[in-house]
Amino acid sequence: MAFPLIDPERLMDRHAAMAAVGATGRGGVDRQALSAEDIAARALLIGWAQARGFACSADTVGNLFVRRAGRDPAAAAVLTGSHLDSQPTGGNYDGVFGVLAGLELMETLEDRGIATRRPVELVSWTNEEGARFQPATMGSAVFAGAMPLAEALRAVDRDGIALADALEAMWAALPDLVRHCPVAAIHAYVEAHIEQGPVLEQAEAVIGVVTGIQGLRALAVETFGAEGHAGTVPMAGRRDAFVAAVDLVAAIREACRDPEDVLRMTIGQFRVVPGSPNTIPAHVRFTVDLRHPDDGRLAATGDRILEACRRYRGPCRVEARELLFSHPVDFDAAIRERIARHAEARGYRHRALRSGATHDAKFMAGLCPTGMIFVPCRGGLSHSEAEEASAAHLAAGAQVLSDTVIELAGHD
Ligand code: GLV
Ligand code: MN
Ligand code: MN
């Protein structure tokens, strides 16, 4: 039997409906993890899934599962998915595409009355972005046993709301959701995503066969000083937490010098307390996001930063700690071969590439054969409200995902 064609129109309609949830009015969305907007997006997905008779449930960290049963109840499931949460100024495709492409293939199976041997299960991971709660890819880290549940539940957002409390709000808003994780065993995990970089567009390729994900080391640095009046405290006697932080940022930039321009370093969150123009800052907290494909280089750079923080000899107290060290991963060769073969069979130009962005697939790679399918995005732009992907490319990615997942699930 030939692999069924997905419905590209339904896929785009679903994207349009999701784009309305948390829409900022500037073309993007603000749907940070477990916010009212993220919960509304989950409710929308659950409504679509239940209308097709799929079972919906969530696990202890809120990862949402949608299951289509297979012929063999004992068989391990094929898992696909991504995330519905967004950056504060997020685009309409980062994460959403992988979730809706997974739903699309399940609906296609339903439309055609195709039974697979294995169950096919869709997952929308909790807090992939790490914008509201840190670190990123938290839901999959807990799922894979790489982070203790208690540690995730303790994470707090900038208003002091704990993830545990945000989860309670989700359960209250979605009372029909079954509280357990139905995935007993996983045969394979395949995730579709926009590339978030320029490689496919420049190569004029439609499908990216992802070879793996570069490493990510995330740190939090805090400086503690003393409040005082901006107009009276002599400069010489101040313990200004902002000045200390700026000195550390200079040292961090020095530690991150890379003539090859492979290392990526971002200080994306910088909080000054109390944040008043005429009070000397008493506390600063900032994050450092480091990426490198080489584990050793990543480790050494992070260590140099931690050492620079330890060496600080100014008037403030400095604390630095690691939030996440996710090592570079390589995806399963057989899954990559399947993706490339299905892209070829559909006549889509494809190429292999490594992911610069991080994804929940990196934790799944430790549990089961795992792979990712990329499609181009305009100008390689992502984590931006201007993020764009063409309907033709999204349909192609969803089709290759569908073919790959259905083959893995086994059909007659
Ligand atoms: C995912 O959003 C990442 O930070 O790479
Ligand atoms: Mn993403
Ligand atoms: Mn993202």
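Values quoted throughout were computed directly from the atomic coordinates according to the rules given, and no laboratory measurement underlies them. It should be emphasised that the depicted structure is a prediction, and the values quoted were computed from it without experimental measurement. Don't worry about glycine lacking a Cβ; one is built from the backbone with ideal geometry, like all the others, and counts go over all protein chains shown.
Taking the Cβ of Ser384 as the centre, find all other residues whose Cβ is under 11 Å away and add up their charges (Lys, Arg: +1; Asp, Glu: -1).
Residues close to Ser384 contribute a combined charge of -2.
Going by C-beta contacts inside 10 Å, put Trp48, Trp125, Trp171 in order with the fewest on the left.
Neighbour counts put them in this order, fewest first: Trp171, Trp48, Trp125.
Apply the Karplus parameterisation 6.51 cos²θ - 1.76 cosθ + 1.60, with θ equal to phi minus 60°, to every residue of segment 220-234 and state each ³J(HN,Hα) to the nearest whole Hz, in sequence, with x for glycine and proline.
Computed from phi, the couplings for segment 220-234 are 10, 10, 10, 10, 10, x, 9, 5, x, 7, 4, x, 10, 5, x Hz.
Taking GluC sites (Glu not before Pro) as candidate sites, keep only those in a DSSP loop with at most 15 other Cβ atoms within 10 Å, then name the longest stretch of the chain containing none of them.
The longest uninterrupted stretch comes out as 1-203.
Through the Karplus equation 6.51 cos²θ - 1.76 cosθ + 1.60, θ set to phi - 60°, convert the phi angles of segment 71-84 into ³J(HN,Hα) values in whole Hz; use x for Gly and Pro.
6, 9, x, 8, 6, 5, 7, 9, 9, 9, x, 5, 8, 9
Quick one: which residues, 5 or more positions from Ala352 or on another chain, have an amide H under 5 Å from its amide H? H modelled 1.01 Å from N in the peptide plane, none for Pro or chain starts.
Placed amide hydrogens put Val209 under 5 Å from Ala352.
Starting from segment 163-269, pick out the trypsin sites (Lys or Arg not before Pro) whose DSSP state is loop and whose Cβ has at most 13 other Cβ atoms within 10 Å.
The qualifying sites are Arg257.
Tell me, what ³J(HN,Hα) does each residue in segment 240-248 have, in order and in whole Hz, if you take phi through Karplus 6.51 cos²θ - 1.76 cosθ + 1.60 with θ = phi - 60° and put x for Gly and Pro?
Each residue's phi maps through the Karplus curve to give 8, 5, 5, 4, 4, 5, 5, 4, 5 Hz.
What is segment 215-326's relative contact order, in percent, from Cα pairs under 8 angstrom and six or more apart in sequence?
Contact order relative to length: 47 percent.
So how tilted is helix 295-311 from the main axis of the chain? Cα-based, degrees 0 to 90, rounded to 10.
20 degrees
Give me the net charge for the shell around Val262: Cβ to Cβ below 10 angstrom, other residues only, Lys and Arg +1, Asp and Glu -1.
Result for the neighbourhood of Val262: -1.
Tell me what the chain gives for mean residue ellipticity at 222 nm when only DSSP H runs of n ≥ 4 count, each as -39,500 (n - 2.57), the sum divided by the residue total, rounded to 500 deg cm²/dmol.
About -10500 deg cm²/dmol.
Net charge within 13 Å of Glu107 by Cβ-Cβ distance, Lys/Arg positive one each and Asp/Glu negative one each, not counting Glu107 itself?
Charge balance near Glu107 sits at -1.
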